[in-house]
Amino acid sequence: MSDRSPRNRAPQRRSDPVRRVAYQVVRQVTAEGGYANLALNKALRDARLGGRDAAFCTELVHGTLRWQGTYDAFLARCVTRPLADLDPELLDVLRLGAHQLLNMRVDSYAAVDEMVTLTRSELGQKRTGLVNAVLRKISQRSLDQWITTTAPRPDEDLLGYLAIAEAHPRWVIEAFARAVPADGLEELLVADNEPPRVTLVARPGLSDVDELVDAGAVPARWSPYGAVLDGGGDPGRIAAVATGRAGVQDEGSQLVAIALASAKVDGDDANWLDLCAGPGGKSALLAALVPDGQLTAVEPLKHRAELVRQNLRAIPGKHKVLVGDGTKPTWPEGSFDRVLADVPCSGLGALRRRPEARWRRTPEDVEELRPLQEALLDSAITSVRPGGVVAYVTCSPHPDETRAVVDAVLGRRDDAVLEDARPLFPGVPDLGDGPDVQLWPHLHGTDAMYLALIRRS
């Protein structure tokens with residue numbers, strides 16, 4: 001019998017299950033438009049990965065997606081045809097391999113060998129030769145060496161250099177450069193590439209920071225209700241979180257909600273409105289802060305409205321969740337004492353926790369969102385009573401989504417004024433020249449939340 005007989009052929013090694021899960025998650029994100037955090041959490045549960053395996057898989061997924069554009073620039077120098085001509089699933093394998101070789105402590109031989117095995121298992125034998133050849137080329141240089149040979153010289157094209165060196169699309173860097181002082185731009189991009197810590201919020205009257213500290217967290221720097229799981233871990237294991245008395249919420253998100261609740265309002269102060277409520281983190285904090293009153297939360301999408309209801313489930317009071325369009329109020333003008341307009345935006349302020357967003361968003365997205373943002377702010381001002389306050393909030397530092405929207409809306413109205421919001425952030429440094437507030441990952445350790453405080457006159 002021939003030595004090439006299937007009976008005598010050595011069995012092929014199975015691909016590493018952790019890398020296989022990472023590959024499947026990356027494919028969900030790049031091919032199906034999935035969200036990395038949701039797809040990864042489900043995949044880890046389904047595969048029953050925990051401990052070091054879960055940590056390795058998480059870094060492999062998030063890091064590959066975060067550095068995708070930079071790796072593509074390197075890979076383009078290692079293949080003989082345009083990357084656009086490669087099968088998308090093959091390109092994702094190469095990106096996963098590049099991340100292990102350049103940004104993880106994985107032995108070069110092991111990284112290449114494991115990705116070849118994964119390719120054979122997922123894509124077939126004929127793809128393995130290309131994967132082996134390309135990843136061996138990638139392994140011949142360090143990350144810094146690849147940046148030096150691929151990016152423009154920083155003294156000739158700083159933004160082009162940063163686009164490669166810090167893995168951000170150039171248009172995003174150009175937008176950030178309009179909003180942050182020049183000496184802080186690179187620090188901001190570096191901070192965007194650092195995985196965020198898990199931040200918790202103790203909902204007032206239901207829990208407190210001490211309870212979260214007893215569960216293993218440490219107090220947050222700025223929010224009186226915030227705490228941080230410094231070593232990571234599953235927040236769902238904490239009793240206060242599991243019962244809705246506390247939640248997971250970025251400290252910047254907490255601070256803008258607290259600022260709205262802290263602004264001075266004369267007279268009635270019992271009816272508050274969250275105009276764009278989903279998924280409900282800010283709604284829950286505001287509902288816990290409203291003094292003997294009611295929060296009305298509005299969300300146009302039914303499934304997100306249900307998330308708001310879940311976030312409000314533990315908060316006492318007769319709070320309401322409405323499924324509706326915030327630009328078309330069903331309530332009389334001037335019905336509320338305080339209004340939060342946390343408008344849909346590009347999400348460029350949360351690139352730390354949404355690694356895929358930087359490559360998914362386009363300048364056209366910002367332009368297309370602008371009319372909706374203006375309409376929602378206009379509706380918020382109309383919904384608040386004279387003497388009441390509106391907080392216009394975005395999770396984006398892009399100037400066209402922040403002050404430009406505020407100026408455009410206030411320029412058309414004579415019944416609203418912009419107030420200095422900085423005193424509503426006690427103890428928080430580096431708030432800029434005002435009157436609005438922009439938080440930053442590199443300065444405050446938060447998402448890049450923006451707030452403008454507007455009073456109806």
I'd like the carbon and sulfur percentage of the solvent accessible area for the chain, probe radius 1.4 Å, heavy atoms only, ligands and nucleic acids excluded.
49 percent
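Order Lys328, Lys318, most accessible first, counting only protein heavy atoms with a 1.4 angstrom probe. Intermediate results must be reported in sequence, preceding the final value.
Values: Lys328 140, Lys318 170 Å².
I get Lys318, Lys328, largest accessible area first.
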Summed residue charge, Cβ within 13 Å of His62's Cβ, Lys/Arg positive, Asp/Glu negative
+2
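Under the 0.36 nm per residue contour assumption, what length would be gained going from the current alpha-carbon distance of Asp53 and Asp266 to full extension? It would help to have the intermediate numbers written out before the result.
Working: separation 213, 0.36 × 213 = 76.68 nm, distance 5.53 nm.
Extra length available between Asp53 and Asp266 comes to 71.2 nm.
For region 1-132, just say rounded, prolate or oblate: build the C-alpha gyration tensor, square-root its eigenvalues into a ≥ b ≥ c, call rounded for a/c under 1.5, and beyond that prolate if a/b exceeds b/c, oblate if not. Kindly include the intermediate steps, with their values, before the conclusion.
Numbers: a/c = 1.81, a/b = 1.25, b/c = 1.44.
Oblate, since a/c reaches 1.5 and b/c is not below a/b.
Hey, got a sec? Which trypsin sites (Lys or Arg not before Pro) in region 19-52 land in a DSSP loop and have at most 12 other Cβ atoms within 10 Å? Provide the component values of the computation, followed by the final result.
On the way: sites: Arg19, Arg20, Arg27, Lys42, Arg45, Arg48, Arg52; in loops: Arg48.
Passing sites in region 19-52 are Arg48.
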Ellipticity estimate at 222 nm from DSSP helix runs (n ≥ 4, -39,500 (n - 2.57)) divided over the chain, nearest 500
-13500 deg cm²/dmol
Under 1.5 on a/c is rounded, so check that first for the chain, then, if it is not, pick prolate when a/b is larger than b/c and oblate when it is not; a ≥ b ≥ c are the square roots of the alpha carbon gyration tensor eigenvalues.
prolate
FRET efficiency (Arg141, Asp325; Cβ distance; R0 56 Å; to 0.05) is 0.60
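Can you pull out the trypsin sites (Lys or Arg not before Pro) in region 229-303 that DSSP calls coil and that have at most 15 other Cβ atoms within 10 Å?
Numbers: sites: Arg237, Arg245, Lys264, Lys282, Lys302; in loops: Arg245, Lys264.
Answer in residue order: Lys264.
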Just the number please: accessible area per residue for the chain, 1.4 Å probe, all protein chains included, in Å².
45 Å²
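Computed FRET efficiency, Cβ-Cβ of Asp292 and Lys42, R0 35 Å: what is it to the nearest 0.05? Write out the running numbers ahead of the final one.
Working: r = 40 Å, r/R0 = 1.16.
Calculated value: 0.30.
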Please list Ser142, Ser15 in order of solvent-accessible area, largest first, computed with a 1.4 Å probe with all protein chains present.
Ser142, Ser15
Could you give the angle, 0 to 90 degrees to the nearest 10, between helix 302-312's Cα long axis and the longest principal axis of the Cα atoms of the chain?
70 degrees
Give me the accessible area of Ile258, 1.4 Å probe, in Å² rounded to the nearest 10.
20 Å²
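What range in the chain is the longest one free of GluC sites (Glu not before Pro) that are in a loop by DSSP and have at most 15 other Cβ atoms within 10 angstrom?
Working: sites that count: Glu156, Glu333.
Segment 157-332 is the longest.
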Lysine pairs meeting the criterion (Cα under 22 Å, 8 or more apart or interchain), as found in region 227-365:
9
Tally Lys/Arg at +1 and Asp/Glu at -1 over every other residue whose Cβ is under 9 Å from the Cβ of Ala287; what's the total?
0
Added length on full extension, which subtracts the Cα-Cα distance from 0.36 nm per residue, Glu306 to Glu368
19.7 nm
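When the chain is fully extended, how far beyond the present Cα-Cα distance does Arg178 get from Val248, taking 0.36 nm per residue of separation?
Details: separation 70, 0.36 × 70 = 25.20 nm, distance 3.08 nm.
Separation in residues times 0.36 nm, less the Cα-Cα distance, equals 22.1 nm.
The values are calculated or read from the model by the stated rules, or taken from the named source; none is laboratory data. Every value quoted in this text rests on a predicted model; they were computed, and no experiment measured them. Cβ atoms come from the backbone with ideal geometry, glycine included; neighbour counts cover every protein chain shown. Side chains included, ligands, DNA and RNA excluded: accessible areas come from the protein's heavy atoms. Shrake-Rupley method; radii C 1.70, N 1.55, O 1.52, S 1.80 Å.
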